[in-house]
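Only one structure is covered here, and it is reproduced in the block below.
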Amino acid sequence: MCNILKLEVFLTILIVAVTASAHSTTRANEDTALEVKIDQVVNEYMSADKIPGVSLAVLRSGKIVLLKSYGLANVELEVPVKPETIFQSGSIGKQFTAAAIMILVQDGKISLGDKISKYIPDVPLTWKDITVWNLLTQTSGLGDYPADIDLRRDYTEDQYFASFKKAPLDFLPGSKWNYSNVGYVVLGILIRKVTGKFYGDFLQERIFKPLNMTTARIISEEDIVPNRAAGYRLVGGELKNQEWVSPTTDSTADGSLYLSILDLAKWDAALYTVTPLTQTSRNRMWNRARLTDGTSKGYGFGWHILDLYGHHIVMHGGAWQGFKSQIVRFLDSEVTIIFLANSWETHDFKFARALAATIYPEFALPHVKVAQDPDLKVTALIRRALMQISKGQLDEKLFTLGARAAINRNLKDLQATLNGFSLPVAVVSSSEFIENGIDDHLPMYRYLLTDMGNSIRCTVKLSLDSKVSSVELRSLMTDL
């Protein structure tokens, strides 16, 4: 009887071992197949968008399953990208500013419902109802940088704030949503008011050092920064270095960080733990902003929140000084995709979606052949027109009388389509040219607008005096 029991135990252990080995082999094969798909996508986009270098990671439950480096970190010196290569964050940095605020909430130093006037006493009267929550969720009514801010000049925080106060609010706090870099700069100022520390020092103390994010830091072109990538842009099809901005412009809390892919992998892993953010804090960060009219916007605290093809996703991108980036976290399956690229021409939403499709085929992009844009001035004009439509503000100098009448009749539908994108300004500004021609004797232009869940074909006709005479937006998702 004892021998039979021993045999049963042995067989059970053997079955478990064989099963585990089979699962391990299957997972290894899946990861190899994924790497092949990822390589194909990255190489395709690097070629199409003329991206010098890319750093990429795929993680599962906070553990790296794929870590890849492609191309050059510095074209002039022919330095290849490696996992330690440091890129500029762009607005991915907003989630760290938001995390710093939530740490202060956890510490009992501030409350989300507090009016910011509690911490920054000299706010204008029109700001009296702006709360910490409004700044985090982009519902404050604050806009983008005022026209009098020169990105090549150095400003103190007080000088920034003085300029921000002069600009009127775009809407009453909480009534609408509008992506605002200024709102996050103000959060950085608030962190100093509460802690007495520069927000970058607070990030080092409470996030970067505890998580061993050893190369994460505020941007500095003066310091010697090992493994720093250069940022690039295209001018007339020719590769150029990034445009220069002042040191203080590169230090604000709306997205001025140096990060490597290894830093972001450690950050992703930490988001499965209670350090530095508790589960309660993460739930708050990943909760959709509810407006005063009862509607909601898919934005939390420094994260876009999307439900696409049965997946619950939090994500954010960055675009700054010749760099583009994205972090996409599939909360239901605990899969994260991160990429850092050193080219302003990177179509970041489209790139992120193509990478997601290597794991989840339902994210596949429509088969639309794009072409070289023959007239960048026309494209810039059309982008301005689309942004005006999204805000419901049509300039008579930009639209014909007939176009304004037609657009106003269908304004709600057009706005819903454009504002359905994760971030309208980013998607519209990275639109891709498809074709041009003549229709009804008028010049006609077509573009592809894409983000993680939407693909829209935009057809615009111009009058003979170069005003927008008609706009048509057609979803391509039914063509998949």
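The values are calculated or read from the model by the stated rules, or taken from the named source; none is laboratory data. Fair warning: this is a prediction, and the values are worked out from it, not measured in the lab. Positions of Cβ are backbone-derived with ideal geometry, glycine not excepted, and every protein chain shown enters the neighbour counts.
With a requirement of 2 or more residues that are surrounded by fewer than 17 Cβ atoms within 10 Å (Cβ to Cβ) and of a type in the set (A, V, I, L, M), the strands (runs of 3 or more DSSP E) lying completely within the range 232-320 that satisfy it span 232-235. Looking only at residues of the range 449-468 that are under 15 Å from Leu414 (Cα atoms) and hydroxyl-bearing (Ser, Thr, Tyr), we find that the one that is surrounded by the most Cβ atoms within 10 Å (Cβ to Cβ) is Ser455.
Take the residues in the range 349-368 that are among the aliphatic types (A, V, I, L, M) and over 19 Å from the mean Cα position of the chain (by Cα); name whichever of them is farthest from Val314 (Cα to Cα).
First pass over the range 349-368, keeping only residues among the aliphatic types (A, V, I, L, M): 352, 354-357, 359, 364-365, 368.
Restricting the remaining residues to those that are over 19 Å from the mean Cα position of the chain (by Cα) gives 359, 364, 368.
Details: Ile359: 16, Ala364: 19, Val368: 27 Å.
Taking the candidates together, the pick is Val368.
Scanning the range 371-390 for residues that are touching a residue at least 12 places away in the same chain (Cβ under 8 Å), out of contact with any Phe, Trp or Tyr (no Cβ under 6 Å at 6 or more places or on another chain) and either under 24 Å from Met477 (Cα atoms) or buried (at least 16 other Cβ atoms within 10 Å of the Cβ) (or both) gives Gln372, Val378, Thr379, Leu381, Ile382, Arg383, Ala385, Leu386, Met387, Ile389, Ser390.
Taken together, Val225, Val245, Val182 contain a single residue that is touching a Lys or Arg at 6+ places or on another chain (Cβ under 7 Å) and in contact (Cβ under 8 Å) with a residue 12 or more places away in the chain, which is Val245. Of Tyr179, Tyr184, all but one fail to be aromatic (Phe, Trp, Tyr), surrounded by 18 or more Cβ atoms within 10 Å (Cβ to Cβ), farther than 24 Å from Glu84 by Cα and at pLDDT below 95; the exception is Tyr179.
Mind checking whether some residue in the range 422-433 is surrounded by fewer than 19 Cβ atoms within 10 Å (Cβ to Cβ), among the polar types (S, T, N, Q) and closer than 29 Å to Thr346 by Cβ? Checking the range 422-433: at least one residue is surrounded by fewer than 19 Cβ atoms within 10 Å (Cβ to Cβ), among the polar types (S, T, N, Q) and closer than 29 Å to Thr346 by Cβ. Take Lys63 and decide whether it is closer than 21 Å to Ala270 by Cα, modelled with pLDDT of 95 or more and of a type in the set (D, E, K, R). So Lys63 passes the test.
From the list Tyr70, Tyr160, exactly one residue is in a helix (DSSP H, G or I) and either surrounded by 18 or more Cβ atoms within 10 Å (Cβ to Cβ) or in contact with a Lys or Arg (Cβ under 9 Å, 6 or more places away or on another chain) (or both). Which is it? Break it down into steps so the answer makes sense when it comes.
Numbers: Tyr70 fails: in a helix (DSSP H, G or I).
It is Tyr160.
With the requirement that a residue be in a strand (DSSP E or B) and either surrounded by 16 or more Cβ atoms within 10 Å (Cβ to Cβ) or polar (S, T, N, Q) (or both), what does the range 26-66 give you?
Kept after step one, since they are in a strand (DSSP E or B), are these residues of the range 26-66: 53-60, 63-66.
If the condition is that a residue be in a strand (DSSP E or B) and either surrounded by 16 or more Cβ atoms within 10 Å (Cβ to Cβ) or polar (S, T, N, Q) (or both), then Gly53, Val54, Ser55, Leu56, Ala57, Val58, Leu59, Arg60, Ile64, Val65, Leu66 are the ones that fit.
Restricting to the range 97-132, name every residue that is under 26 Å from the mean Cα position of the chain (by Cα) and touching a residue at least 60 places away in the same chain (Cβ under 8 Å). Correct list: Thr97, Ala98, Ala99, Ala100, Ile101, Met102, Ile103, Leu104, Val105, Gln106, Leu112, Ile116.
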